[in-house]
Structure formats: structure tokens, C-alpha cells
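The values are calculated or read from the model by the stated rules, or taken from the named source; none is laboratory data. Nothing here was measured: the structure is a model prediction, and the numbers come from that model. Because the Cβ atoms are built from the backbone with ideal geometry, glycine has one as well, and the counts that use them run over all protein chains shown. Heads up: the accessible areas ignore ligands, DNA and RNA and are worked out on the full protein's heavy atoms, side chains in. Shrake-Rupley method; radii C 1.70, N 1.55, O 1.52, S 1.80 Å.
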2 protein chains.
Amino acid sequence: MDALSQDTKTRILDAAETLFTEHGFEATSLRSLTSAAGVNLAAVNYHFGSKEELFQAVLTRRLDPMNQERIDLLAQYEREAGGKPLTCEKILSAMLIPALKLSRDPRRGGKDFLRVLGRAYADPAPFIRNFLSAQYAEMISRFKDAFLKALPHLTKQELTWRLHFVMGALSYTLAGTDALKLMAQVMPQDKDNDEMLLQRLAPFLAAGLKAPLGDTKKLELVAGD
Amino acid sequence: MDALSQDTKTRILDAAETLFTEHGFEATSLRSLTSAAGVNLAAVNYHFGSKEELFQAVLTRRLDPMNQERIDLLAQYEREAGGKPLTCEKILSAMLIPALKLSRDPRRGGKDFLRVLGRAYADPAPFIRNFLSAQYAEMISRFKDAFLKALPHLTKQELTWRLHFVMGALSYTLAGTDALKLMAQVMPQDKDNDEMLLQRLAPFLAAGLKAPLGDTKKLELVAGD
DNA sequence: GCTCGATTCAAACGCCCGTTTGAATCCATC
DNA sequence: GATGGATTCAAACGGGCGTTTGAATCGAGC
């Protein structure tokens with residue numbers, strides 16, 4: 001009864017999280033999904049309305065709490081700092097720690113969920129894009145403000161670009177796709193691997209964020225051919 | 001006759017590049033694809049064997065020349081340096097310039113192709129993963145060697161991680177997905193936007209690569225809850 | 001123990017999918 | 001101008017898709 005006794009909605013969400021991870025949204029059929037969840041085929045449309053709404057529900061279940069945790073942690077750090085601007089590393093911690101905690105918690109979907117999220121980032125379907133933008137809006141705006149104070153040498157525009165790069169490295173890394181098999185022979189043990197990961201990611205991103213403004217001469221482009 | 005006079009294979013590849021960009025691999029049907037290309041439905045299976053092989057052909061057509069260009073440019077820089085190790089920025093240029101040139105050249109698929117590539121990075125389908133690994137193997141290995149010489153303070157393992165982050169930021173940026181609509185109000189003009197982009201990306205990545213090794217204390221994790 | 005809304009179920013609906021087939025057409029070669 | 005391989009074509013194949021339906025079942029409240 002243990003795992004099977006959950007209610008239908010949860011069973012569907014759990015199965016969807018796994019299968020969307022493995023095959024993506026389009027390639028996952030409701031027939032395989034409901035049969036993996038041990039529920040009737042019609043249950044998805046009854047409880048969620050449609051396959052698209054189910055996908056959004058899969059994301060919301062994990063994303064809402066994680067982003068709220070990020071916002072709360074940032075606020076706590078700011079309270080502790082008593083008005084003084086936070087360091088770059090501290091702000092990054094407020095972003096990374098909730099994500100890492102989620103990835104380590106199998107009861108909240110763990111790495112599976114972060115992989116679904118990583119794929120969603122790259123999906124051009126409008127219903128996904130709009131949904132993600134709305135979900136992240138508040139968190140992004142708060143962290144942008146914090147970074148602006150921590151990095152006074154950056155213009156708003158420059159910071160926006162750099163946050164763009166940060167989100168890229170972060171999503172690629174947390175999703176753990178490693179499309180190019182870079183990590184093939186690098187990881188001897190899986191133990192505390194994700195902790196290591198963020199220990200390495202944070203200094204990399206902090207250095208990038210703190211970098212002086214780019215020299216226009218550094219990247220010379222052959223315009224002609 | 002101009003655009004329509006191309007041979008069937010090319011017409012299919014062009015239409016596939018566009019449609020895979022807009023809807024992804026699974027969500028693009030051969031019926032819509034062949035009708036957009038103005039060819040018979042059976043033409044894809046006749047010329048490419050299957051939908052999967054068509055997808056690989058779409059990637060190869062652009063990826064092979066771009067990665068060869070990267071390798072050649074790196075070799076040229078190394079020749080010019082005459083044995084001395086290259087700077088981080090110079091090596092990054094050898095990665096970024098061919099990608100940027102491709103993205104600016106509509107005759108080679110331009111941004112459309114890079115978006116297909118960005119999505120492929122996040123796709124878990126084995127036939128895509130294996131294909132990408134093989135395509136990138138040589139380029140990655142050469143650039144890893146170059147970076148190792150340029151960044152002697154990094155271990156091989158640390159460099160592998162940082163290259164992972166670099167590829168993340170690069171693919172997210174070049175794919176131009178901007179899942180979180182960060183850039184909404186930032187881009188006043190589209191002109192030479194991508195040039196600006198890499199002018200900003202290169203310093204960011206160079207600073208990250210050159211960062212000192214991470215302090216284990218910087219990111220404190222609450223292990224318990 | 002009957003009622004009634006909530007939930008589950010098997011079955012079907014209509015549609016689109018990737019692929020195959022075999023005949024029709026093209027076109028360089030003899 | 002007949003030949004024959006390469007290509008195009010319309011049509012069909014078998015199957016899976018998301019969704020809907022209407023009856024069966026459940027279970028708390030009277």
C-alpha cells in the first residue's frame with residue numbers, strides 16, 4: 001500500500017516527472033504515462049484537463065516552493081547584513097542552495113525534476129515559455145536588484161546579460177545533460193557529487209559576474225568572410 | 001525557379017532546420033515538413049532513410065564545418081604564438097568566432113540552426129546524445145589541451161568542470177531561447193546584436209575560467225533540512 | 001441504507017503519425 | 001528512340017495519439 005496508496009493526482013505527477021525526464025513532453029504518451037502510474041487513461045484529463053496542463057502542474061509543484069525558498073533566503077541574508085550590500089557569492093548562494101537542496105531530495109523529485117526543467121528551458125512551445133516567465137518573474141527581479149547593489153560597476157543592461165549567462169551555466173549544469181560527455185572519465189564517485197558541483201560552479205559564476213567590462217578589442221571579428 | 005530549383009535533399013534540409021527549430025523533433029511531422037519543402041511525403045525516407053537520420057543530417061551539415069573551422073582557427077593561433085601558450089581569451093575566440101560567423105550567415109542556417117543545436121543539447125534521446133558526443137569529440141579534446149596550457153593553476157578535473165559551465169552558458173546564449181525573458185526590455189536594436197553578445201560573453205567566461213580555485217567554505221550547505 | 005457528487009473505468013471517436021509500396025515519370029546513355 | 005536506373009508520386013498500411021463519453025463504482029452525510 002505504501003507507494004501505491006497515494007492519491008491519483010500524485011501518482012500521475014510522479015510518473016509524469018519521470019517520463020517527461022526520459023522522453024520529453026511530446027514523446028511521452030498519456031497511455032504509457034497512466035499505465036506507469038497505475039491509473040486509468042482518462043484520469044489525466046479528469047484531474048488536470050489536458051496533457052499541457054499536466055506538464056505545467058509537474059513544473060509548478062517543485063518550482064513554486066524552490067523559488068519561494070530562494071526569495072526567503074535572499075531576504076534573510078539581507079536582513080543579516082543590515083543594509084550593507086551582500087557579496088556576489090552570498091547572493092549566488094541564495095540562488096544555488098535551494099536548487100541543490102531540491103536536487104538532493106528524492107521526495108521532491110531530485111535530479112529528475114531538474115532535468116525536466118532543463119529541457120523546458122530549451123523548449124520553444126509558447127505555453128511552456130510563457131509559463132516559465134511568469135513563474136520566475138518575481139525571483140529574477142529580486143535577485144537582479146541584489147546583484148545591482150553588489151556590483152555597482154555594472155549597468156543594468158550589462159547585468160542582464162551576465163544573469164543570462166549565469167542562468168545558462170546553471171540550467172545546463174543542474175539538468176546534468178552533459179550533451180558532449182565532457183564528464184565521462186572525471187567523476188570517480190557519485191557521492192556528494194552535486195555538492196562538489198556547486199562548490200565549483202559558485203566561484204566560476206562569481207568571477208564572471210565581477211569581471212571588468214569587456215574590452216571591445218578582445219574579440220576581433222572578420223566581418224567580410 | 002531561384003529558391004525552388006534546389007535539389008530535393010537541400011529543400012528538405014532547409015525546411016527541417018526551420019521546423020525543428022520552431023516545434024522540436026518530436027512535434028514536427030514529416031507531413032508538414034515535406035509540404036513546407038514542396039516535396040513528396042515519401043522523399044524523406046527515400047533520401048535520408050528515416051526521420052531520425054534526417055535530423056542527424058540537419059545537424060551534420062552545419063556542425064562539421066563549424067567545428068573544423070574552430071580547430072583550424074585554434075591551430076592558426078597556436079602557430080602564430082610560436083610555442084608560447086595562448087591566452088584564455090584567444091582560445092575562447094577560436095571557439096566563439098566560428099559560432100558567431102555561422103549565426104550571422106543566413107545561408108548556413110543562421111540563428112535557426114543554433115537553436116536546433118541548443119535544443120539537441122538538452123534532449124535525452126540516445127540517438128541524439130551519441131551523435132553529438134561523436135561530432136564534438138575531436139574539437140573538445142583539442143581545446144581542452146589548449147586551455148590546460150593557458151591555465152596551469154587548474155587540474156584536469158577542475159578544467160573539465162569549468163568547460164562544462166562554459167558550454168552551458170554558450171549553448172543557452174547562442175540558442176537564444178531566454179526561457180525566462182530576461183532580455184525583454186534590454187534589446188533596443190537587433191542590429192549587430194550577436195556581436196555585442198559575444199563581446200559580453202567572452203570576458204564573462206574568461207574571468208570564470210581564470211578564477212582561483214573555490215574556497216570550500218564559501219557555500220555552506222545545511223545538510224540536515 | 002439511501003442519496004448524490006466525486007471518481008474510476010472500458011470503450012470508442014476522429015485524427016495524424018512514420019513508413020512502405022508499386023506504378024508513373026524523368027533523363028542520361030547507348 | 002529504346003533502355004534502365006534514379007527519382008517522384010498517390011495511396012495505403014498498421015498503429016498510436018489526446019480526448020470524450022456514459023455507465024459503473026465509491027463513500028461521506030442524512
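The table for this structure:
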{"quantity": "Hits in the stretch A:27-50 - residues which are within 13 Å of DNA strand C (Cβ to nearest atom), open to solvent by 50 Å² or more (accessible area, probe 1.4 Å) and part of a helix (DSSP H, G or I)", "calculated": "A:Arg31, A:Ser35, A:Asn45, A:Tyr46, A:His47"}
{"quantity": "Residue within the stretch A:150-168 that is in a helix (DSSP H, G or I), surrounded by fewer than 20 Cβ atoms within 10 Å (Cβ to Cβ) and basic (Lys, Arg) present", "calculated": "yes"}
{"quantity": "Residue that is farthest from the chain's Cα centre (by Cα), among those in the stretch B:4-24 that are open to solvent by less than 30 Å² (accessible area, probe 1.4 Å) and either more than 14 Å from chain A (Cβ to nearest Cβ) or within 12 Å of DNA strand C (Cβ to nearest atom) (or both)", "calculated": "B:Ile12"}
{"quantity": "Odd one out for A:Phe55 among (1) within 19 Å of A:Leu114 (Cα to Cα); (2) within 16 Å of DNA strand C (Cβ to nearest atom); (3) of a type in the set (A, V, I, L, M, F, W, C)", "calculated": "(2)"}
{"quantity": "Flag for B:Asp112 being crowded, with 19+ Cβ neighbours inside 10 Å and in a loop (DSSP other than H, G, I, E, B)", "calculated": "no"}
{"quantity": "Residue that is nearest to B:Ala206 (Cα to Cα) [pool: residues in the stretch B:80-107 that are more than 12 Å from chain A (Cβ to nearest Cβ) and open to solvent by 10 Å² or more (accessible area, probe 1.4 Å)]", "calculated": "B:Leu86"}
{"quantity": "Among the residues listed as B:Ala134, B:Ala120, the single one being under 30 Å from A:Thr28 (Cα atoms) and open to solvent by 50 Å² or more (accessible area, probe 1.4 Å)", "calculated": "B:Ala134"}
{"quantity": "The stretch B:25-51 residues that are among the aromatic types (Phe, Trp, Tyr), paired with ones that are open to solvent by 40 Å² or more (accessible area, probe 1.4 Å) and near DNA strand C (Cβ under 7 Å from one of its atoms) (beta carbon under 9 Å, 6 or more apart)", "calculated": "B:Phe25/B:Lys51; B:Phe25/B:Glu52"}
